[in-house]
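This report concerns only the one structure given below.
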Amino acid sequence: MAVLSIVLAVLAVALGGVMKGAIGAGVPIIAAPALTMVFGVQTAVAILVVPNLLSNVWQAWSYRDKALSRRFLVLFAGGGMLGVLLGTYLLASLPQETLSLMVAVAVLGYIALRVTKPDWVLGRAQAERYSGVAGTMGGLLQGATGISAPASITYLNAMRLPREAFIGTVSIFFVTMTAVQIPALWSVGIMTGERLVMGFAALGIVFVFMPLGTWLGRRTSPKVFDVTMLVVLGVIAAKILIETLF
């Protein structure tokens, strides 16, 4: 495997850690497309479940008092748990090329929603009504591609939550969803000992860079992180599409 590819994977995980510390999300969003380019979708998803689970346990506990209502969390996270089971089945059964295209489309869909509807605001009552559907769609994408953001992050962003409420809510969602995803990946043979070890290595990188993100998040406009993330994701999605289609 090319050294450049390994360096790219490490940098993507590190940037994901910075984003995670700053805004409460970012490890799968940034790292999954990059790891897909290097290892393929199945390996990328398996590697990221460990850092996704354990980094969110920390933030879920730290911001537990700031999260949304228990009803919202039950519906949103419950939908995510159901969706990730369905997504894992797709991950195990679909061809690699199809999965790669799904990753690219999911990333481009997320970018399109963020760019075309930057001022869209979703009321709390309406958001709670459809939270189960949004959670299920997020879980489905998470299970199949490793990226739930086009559904889950976009949905929460539309509510215009304060930073602490957003981090607490999305972290609880990721913890419950990933707790189901890990045994599901084992059951279909996608999670292996080697990939588990790689996941803990990725976790180490995330934990090293999360404090930097937390420090920057308290001192830098969220728009800076948004623009940086969207640009990086656009480049990665374009590369996946070119490699898959041509």
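The values are calculated or read from the model by the stated rules, or taken from the named source; none is laboratory data. A quick note: this is a predicted structure, and the numbers were derived from the prediction, not measured. In this analysis, Cβ positions are derived from the backbone assuming ideal geometry, glycine residues included, and neighbour counts consider all displayed protein chains. The area values use the complete protein model at the heavy-atom level, side chains included, leaving out ligands, DNA and RNA. Shrake-Rupley method; radii C 1.70, N 1.55, O 1.52, S 1.80 Å.
Structure above, values below:
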| quantity | calculated |
| --- | --- |
| Selected residue [open to solvent by 40 Å² or more (accessible area, probe 1.4 Å), part of a helix (DSSP H, G or I), among the aliphatic types (A, V, I, L, M) and within 14 Å of Val18 (Cα to Cα)] from Val197, Val208, Val235 | Val208 |
| Some residue of segment 129-148 being small (Gly, Ala, Ser), in a loop (DSSP other than H, G, I, E, B) and closer than 12 Å to Gly80 by Cα | yes |
| Set Ile167, Ile242, Ile190: member being in contact (Cβ under 8 Å) with a residue 12 or more places away in the chain and over 30 Å from Tyr130 (Cα atoms) | Ile190 |
| Residue check, Val115 under 18 Å from Gly26 (Cα atoms), at pLDDT 85 or above and out of contact with any strand residue (DSSP E or B) (no Cβ under 7 Å at 6 or more places or on another chain) | no |
| Complete set of residues in segment 142-161 that are open to solvent by 10 Å² or more (accessible area, probe 1.4 Å) and of a type outside the set (S, T, N, Q) | Pro150, Ala151, Tyr155, Met159, Arg160, Leu161 |
| Sole exception among (1) touching a residue at least 60 places away in the same chain (Cβ under 8 Å); (2) within 20 Å of Thr154 (Cα to Cα); (3) among the aliphatic types (A, V, I, L, M) for Leu82, by number | (1) |
| In segment 175-194, the residues that are open to solvent by less than 50 Å² (accessible area, probe 1.4 Å), part of a helix (DSSP H, G or I) and more than 16 Å from Val57 (Cα to Cα) | Ala184, Leu185, Gly193 |
| Single residue of segment 106-123 satisfying the filter (part of a helix (DSSP H, G or I) and free of Cβ contacts under 8 Å to residues at least 40 places away in the same chain) that is most open to solvent (accessible area, probe 1.4 Å) | Thr116 |
| From the options Leu82, Leu35, Leu15, Leu4, residue that is open to solvent by 10 Å² or more (accessible area, probe 1.4 Å) and closer than 26 Å to Gly217 by Cα | Leu15 |
| Selection within segment 213-223 - open to solvent by 80 Å² or more (accessible area, probe 1.4 Å) and in a helix (DSSP H, G or I) | Trp215, Pro222, Lys223 |
| Number of positions in segment 85-103 that are open to solvent by 10 Å² or more (accessible area, probe 1.4 Å) and assigned to a helix (DSSP H, G or I) | 12 |
| Residue in segment 42-58 that is surrounded by fewer than 24 Cβ atoms within 10 Å (Cβ to Cβ), farther than 16 Å from Val206 by Cβ and out of contact with any helix residue (DSSP H, G or I) (no Cβ under 7 Å at 6 or more places or on another chain) present | no |
| Selection status of Ile30, assigned to a helix (DSSP H, G or I), modelled with pLDDT under 85 and not acidic (Asp, Glu) | yes |
| Single match in Thr214, Thr220, Thr176, Thr169 (criterion: within 20 Å of Leu91 (Cβ to Cβ), polar (S, T, N, Q) and out of contact with any Cys (no Cβ under 8 Å at 6 or more places or on another chain)) | Thr176 |
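Yes/no matrix, rows are residues, columns are (1) touching a Ser or Thr at 6+ places or on another chain (Cβ under 9 Å); (2) over 27 Å from Leu101 (Cβ atoms):
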residue	(1), (2)
Arg195	yes, no
Met198	yes, no
Ala201	no, yes
Leu212	no, yes
Trp215	no, yes
Arg219	no, yes
Val232	no, no
